[in-house]
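First comes the structure, then the notes that go with it.
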Amino acid sequence: MKPANLLIYLSLLLLATAGCHGYALIETPTTDGFHSKLPSPYTRAVVWGGRPDTIQSASTWLLKKGVLVVDQTKVLQAAADQKVSLTGYQYLETDVLRMAKLVGARLVVFSNAEVGSWEALDWSSGFPHNRRVYSATVALRAVDVNTGEIEWSGKAQSTERFSNIEEGVSLLTCHALATAWGLRNPGALAPENVCPPGSGLMNTDVTPPKPQAAPASSSREHLTPSMNY
């Protein structure tokens, strides 16, 4: 083999060894959260935010926990009747609370998701190819419509890039809610079955682990960052 070809081969082998991993699996996120009060069964709540996938994931999780989720269309209709604008991102949270109270909800769960997007060099198939990958932070907080008090709040941040945005948002939402409700400890460690992949629902038959130091993270991606959206 010619020296030039050998050098190219060794370079590709080194890159494959250093960066050979995929982005399909979602790693356990780092979380934080608290609660002063948890909703009793059949509490009526509205889930509100800018990303439909986050709203859907949170609504599914809460419904499976016995919370009655009021459809957003009822809130929007109440807002239209009151000539209040709740469309887009330029709305007042006080207006959302007021409209939620009109449709009989006791809580508004405000959701926020910050998503970053990159083109990554993926070696999981043995050959380099570009793949769109993401990192995200999902934050939720429940506000009493009568008092304005925050009853619980949770946040989850991805520790690795991932390629499946729907599953990623669903699992981050689950971990944020599980932390807010005290069903897993804050930090980077959680029982494997607290948020089963693809279910959007955590298992309540789990004892939260004792707090431990988070393992050191390693950088293995070859990324070209793009704008967040």
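Only the coordinates and a few stated rules stand behind these numbers; no lab work does. Just so we're clear, the structure is a prediction, and the values are computed from it rather than from any experiment. Note that each Cβ is placed from the backbone with ideal geometry, even for glycine, and that neighbours are counted across all protein chains shown.
Show me 28-36, 134-142 ranked by packing, highest mean number of other Cβ atoms within 10 Å first. Mind showing how you got there, number by number?
Values: 28-36: 18.8, 134-142: 23.1.
Output ranking for 28-36, 134-142: 134-142, 28-36.
Hey, got a sec? Which chymotrypsin sites (Phe, Trp or Tyr not before Pro) in the range 54-115 land in a DSSP loop and have at most 16 other Cβ atoms within 10 Å? Each step should come with its number before you reach the end.
Values: sites: Trp61, Tyr89, Tyr91, Phe110; in loops: Tyr89, Tyr91.
Passing sites in the range 54-115 are Tyr89, Tyr91.
Once you put a point 7 Å from the Cα of Leu38 and another 7 Å from the Cα of Arg132, both along the Cβ direction, what distance in nm separates them?
3.7
May I have the count of lysine pairs in the range 33-105 with C-alpha atoms under 22 Å apart, counting pairs 8 or more residues apart or located on different chains?
For the range 33-105, qualifying lysine pairs total 9.
Asn112 to Thr159: extension gain in nm, 0.36 nm per residue of separation minus the Cα-Cα distance?
This chain segment gains 15.1 nm when fully extended.
Hand me the trypsin sites (Lys or Arg not before Pro) from the range 35-88 located in a DSSP loop with no more than 13 other Cβ atoms within 10 Å, in residue order please.
On the way: sites: Lys37, Arg44, Lys64, Lys65, Lys74, Lys83; in loops: Lys37, Lys65, Lys83.
Filter output for the range 35-88: Lys37, Lys83.
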